[in-house]
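Just below is one structure, and these are the notes that go with it.
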Amino acid sequence: MPEAGSLVNSWNEWDPLREIVVGVADNACFEPREPGYRPQLRTRDGRDAAFPTGPKPAEMIERATEQLDALALLLRSQGITVRRPEPPVLADAVRTPTFEVANQYCVVCPRDVMITLGNEILEATMSRRARYFEYQAYRKLVYEYWHADPGMEWTVAPKPSMSDAMYREDFWDWPLEKRHRKMRSFEFCVTQDEVVFDAADMSRFGRDVVVQESMTTNRTGIHWLKRHLEPRGFRVHPVHFPLDFFLSHIDCTFVPLRPGLVLTNPERPLREGEEQMFLRNGWELVDAPQPTSSNDEMPRYCQSSKWLSMNVLSLSPTKVVCEEQEKPLQDLLDKLNFEVLPIPFRDVFEYGGSLHCATWDINRVGMVEDYFPRLDYRPLAQQRGERVT
Ligand code: ARG
């Protein structure tokens, strides 16, 4: 067990924050079309227009940089140590023995790639070619933490091939109705042949980790996480949101704010039965209010939904950073007795996320806790021979 004073130590999404990494927009490119992804223009009129390719224009990068830097400043003013990654050149084509892709994407959202689970830093496999090498931007920091903290464990999940065979390419051409039907049964563009997960599909609740099955995390990936984390004392709970048609990354859908309270998405309920784990253990699920923008009003190149409104960053169990425009959510948080720090962040939305996505916690004061003492959990060892779902 790690020491309470360790540098790398973060067991949940809400304990008092001491050290965090904030992404950077430099060198960012538009996400390329690839078997695992087809970017689309946001606005209704632009749906059929071609999505731009190559590096993002300098003024767009400047606008996002300003807001990311302002977040770093706000966090520092709260006594939190903020570190930043170093983006490599992202505009060049990438070629590996198993795939090629026109360019990389950006290093604005460390949350998607990196996760701290207690004293362990885990690098996700990732699910898209353009993000395969994104971990490299964080390696310098990871080495620093690893040298400075002898108790830190460092794990790199097995990299998938990302070859054509790993994807169901025709997924993107399925008519909407078929796509939605298939998605409800959790069939997406990534097959089950290889271990695939993005870090942002996980949410941390002490010894319990919730993982959503999504377009970016497959069942084989969840199985790998179980086999990796269970012997370390964690319990891994797969969850499903059958009505989410933007299904990737859990932090706009199911957002724990303090022990006993999860902010939930009223348009994306948990699959029936999966809420029991929370309700039986006295947790309250509180629906977020409607966001201030509709999906069509989101920034033109933004690939996420209006629910980026819910993508808040907790500084402690009583203090939350929230996007400036999202007044209805701020009012709700206020009623729930949180101190709210509003900050403008909409120019970052085109880079894959909002306040939670653009960060990766390294240290939160607090140790591992069991927030689900009444749990019907069967470790993998007991499930031998059964199909894991
Ligand atoms: N797929 C989510 C939505 O559109 C966006 C998730 C962003 N999260 C992140 N960690 N990048 O609602």
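The values are calculated or read from the model by the stated rules, or taken from the named source; none is laboratory data. Being a predicted model, the structure only gives us computed values, none of them experimental. Cβ sites come from the backbone with ideal geometry, for glycine too, and all protein chains shown count toward neighbours.
Some points to look at:
- Residue 230 vs. criteria more than 19 Å from the chain's Cα centre (by Cα), free of Cβ contacts under 8 Å to residues at least 40 places away in the same chain and more than 13 Å from the ligand (Cβ to nearest atom): no
- Of all residues making up region 309-330, the number that are in contact with a strand residue (DSSP E or B) (Cβ under 9 Å, 6 or more places away or on another chain) and farther than 19 Å from residue 361 by Cβ: 7
Per-residue answers, yes or no, for (1) polar (S, T, N, Q); (2) within 24 Å of residue 127 (Cα to Cα):
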residue: 251; (1), (2): no, yes
residue: 266; (1), (2): no, no
residue: 274; (1), (2): no, no
residue: 290; (1), (2): yes, no
residue: 308; (1), (2): no, yes
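- Selected residue (criterion: farthest from the chain's Cα centre (by Cα)) from residues of region 233-254 that are away from the ligand (no atom under 14 Å from the Cβ) and not β-branched (Val, Ile, Thr): 233
- Residue match in region 331-344 (condition: part of a helix (DSSP H, G or I), among the hydrophobic types (A, V, I, L, M, F, W, C) and touching a Lys or Arg at 6+ places or on another chain (Cβ under 9 Å)): no
- For region 255-268, the tally of residues that are more than 22 Å from residue 319 (Cβ to Cβ) and over 18 Å from the mean Cα position of the chain (by Cα) stands at 2.
- Scanning region 98-131 for residues that are of a type in the set (Phe, Trp, Tyr) and either within 18 Å of residue 208 (Cα to Cα) or within 14 Å of the ligand (Cβ to nearest atom) (or both) yields a single hit, 105.
- Residue match in region 303-312 (condition: away from the ligand (no atom under 13 Å from the Cβ), surrounded by 18 or more Cβ atoms within 10 Å (Cβ to Cβ), in contact (Cβ under 8 Å) with a residue 40 or more places away in the chain and of a type in the set (Phe, Trp, Tyr)): no
Residue-wise test of (1) surrounded by fewer than 19 Cβ atoms within 10 Å (Cβ to Cβ); (2) at pLDDT below 95; (3) over 25 Å from residue 286 (Cβ atoms); (4) away from the ligand (no atom under 16 Å from the Cβ).
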position: 338; (1), (2), (3), (4): no, no, no, yes
position: 343; (1), (2), (3), (4): yes, no, no, yes
position: 350; (1), (2), (3), (4): no, no, yes, no
position: 369; (1), (2), (3), (4): yes, no, no, yes
position: 372; (1), (2), (3), (4): no, no, no, yes
position: 379; (1), (2), (3), (4): yes, yes, yes, yes
position: 384; (1), (2), (3), (4): yes, yes, yes, yes
position: 388; (1), (2), (3), (4): yes, yes, yes, yes
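- If you go through region 197-221 and keep only what is under 24 Å from residue 107 (Cα atoms), touching a Phe, Trp or Tyr at 6+ places or on another chain (Cβ under 9 Å) and of a type outside the set (Phe, Trp, Tyr), you end up with 199, 203, 204, 211, 212, 213, 214, 215, 216, 217, 218, 221.
- Screening the candidates 264, 359 for the property of being within 15 Å of the ligand (Cβ to nearest atom) and either surrounded by fewer than 23 Cβ atoms within 10 Å (Cβ to Cβ) or not β-branched (Val, Ile, Thr) (or both) yields one hit, 264.
- Extreme residue, modelled with the lowest pLDDT, among residues of region 156-208 that are buried (at least 18 other Cβ atoms within 10 Å of the Cβ) and in a helix (DSSP H, G or I): 183
- Meets criteria (within 16 Å of the ligand (Cβ to nearest atom), surrounded by fewer than 24 Cβ atoms within 10 Å (Cβ to Cβ) and touching a residue at least 40 places away in the same chain (Cβ under 8 Å)) for residue 299: yes
- Cβ pairs under 7 Å, 6+ apart, first in region 44-57 and within 15 Å of residue 303 (Cα to Cα) and surrounded by 10 or more Cβ atoms within 10 Å (Cβ to Cβ), second basic (Lys, Arg) and at pLDDT below 95: 46/300
- Candidate set from region 74-99 (those that are loosely packed, with under 12 Cβ neighbours inside 10 Å and part of a loop (DSSP other than H, G, I, E, B)); member that is farthest from the chain's Cα centre (by Cα): 97
- Within region 209-253, restricting attention to residues that are of a type in the set (Val, Ile, Thr) and within 19 Å of residue 167 (Cβ to Cβ), the residue that is surrounded by the fewest Cβ atoms within 10 Å (Cβ to Cβ) is 220.
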